[in-house]
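A short worksheet on the structure shown next.
The values are calculated or read from the model by the stated rules, or taken from the named source; none is laboratory data. Not measured: the values here are computed from a predicted model. We place every Cβ from the backbone using ideal geometry, glycine too, and count neighbours over all the protein chains shown.
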Amino acid sequence: MSALLRRIVVCLDVDRGRVVKGVRFEGLRDVGDPVALAARYEAEGADEVVFLDVSASNEGRDTMLDVVRRTAEVLFVPLTVGGGVRTVEDVARVLRAGADKVAVNTAAVADPDLLTRASLRFGAQCVVLSIDAKRESPSDAVPSGYRVFTHGGRRATELDAIEWAKRGVSLGAGEILLTSIDRDGSQTGYELELTSAVSSAVSVPVVASGGAGSPAHVAEALVRTGADAALVAGIVHDGRTTVSSIKMEARARGVPIRGESTT
């Protein structure tokens, strides 16, 4: 775990230009306009915003560049964009549209050297390896018991999540966005064991994702796992809490959190 201040990251899952939310990557429902929501969460104190085009990879589409451009015009905090990124030129287009970082998952599994090529061209700080993992019984192929999935959580791979995280960093990824498919949208708390294992295995920042149901869950993940940031989505989309309330809870638990929120 680095000495840097911890971050609260708000994730906007985008499907055909609208923000959606589901449970375990299924049952998506519309929750609003991505540009308006990104601006709102920045005003609440979000340290970063992540856009994930949740159906681009599965449908073979490019990512939503128009939404990225419009958001970048109004956003001052860093913006990470993922989904439908398959080549270094795709990374270039997303960065030109205004993103600060580009997350790759499906394409990196299919072509691991993509991480190296993107890192060499744009810098490791721009390259995020997004890992979607699901728990299963440990095996020779998946010794940690966490298997990597691609295509928006729809396709199983032969990759072990912890080993893939280590390899991804060695190939050039400058950050890991780690999502527990089992916990996604469940609001029952983060997958602490998975997050701790990956955080301990790599030297780059790890963003914990999947399962936040309360400010206490976020603080717990930051205190117990070594993650450098925690990602939230449904609990702020549904109005169950705010970014500023999450930061207040984290500070109360002794977490060195970035910035003072404005609300």
In the range 122-145, residues that are in a loop (DSSP other than H, G, I, E, B) and surrounded by fewer than 18 Cβ atoms within 10 Å (Cβ to Cβ) total 8
Selection from the range 132-154 of residues more than 16 Å from the chain's Cα centre (by Cα) and at pLDDT 95 or above yields Arg135, Glu136, Ser137, Pro138, Ser139, Asp140, Val142, Pro143, Ser144, Gly145, Tyr146, Arg147
Among Leu177, Leu222, the single one that is aliphatic (A, V, I, L, M), modelled with pLDDT of 95 or more, assigned to a helix (DSSP H, G or I) and closer than 17 Å to Ala46 by Cβ is Leu222
If you go through Gly211, Gly239, the only one that is out of contact with any His (no Cβ under 9 Å at 6 or more places or on another chain) and not in a helix (DSSP H, G or I) is Gly239
Q: Using the structure shown, decide if Thr241 is touching a Pro at 6+ places or on another chain (Cβ under 6 Å) and either buried (at least 24 other Cβ atoms within 10 Å of the Cβ) or not charged (D, E, K, R) (or both).
A: yes
The residue that is nearest to the chain's Cα centre (by Cα), considering only those in the range 182-198 that are surrounded by fewer than 24 Cβ atoms within 10 Å (Cβ to Cβ) and either in contact (Cβ under 8 Å) with a residue 40 or more places away in the chain or in a loop (DSSP other than H, G, I, E, B) (or both), is Gly185
Here the qualifying pairs (Cβ atoms under 8 Å; residues six or more apart or on different chains; first in the range 93-112 and closer than 18 Å to Ile181 by Cα; second of a type in the set (Phe, Trp, Tyr) and modelled with pLDDT of 95 or more) come out as Val109/Trp164
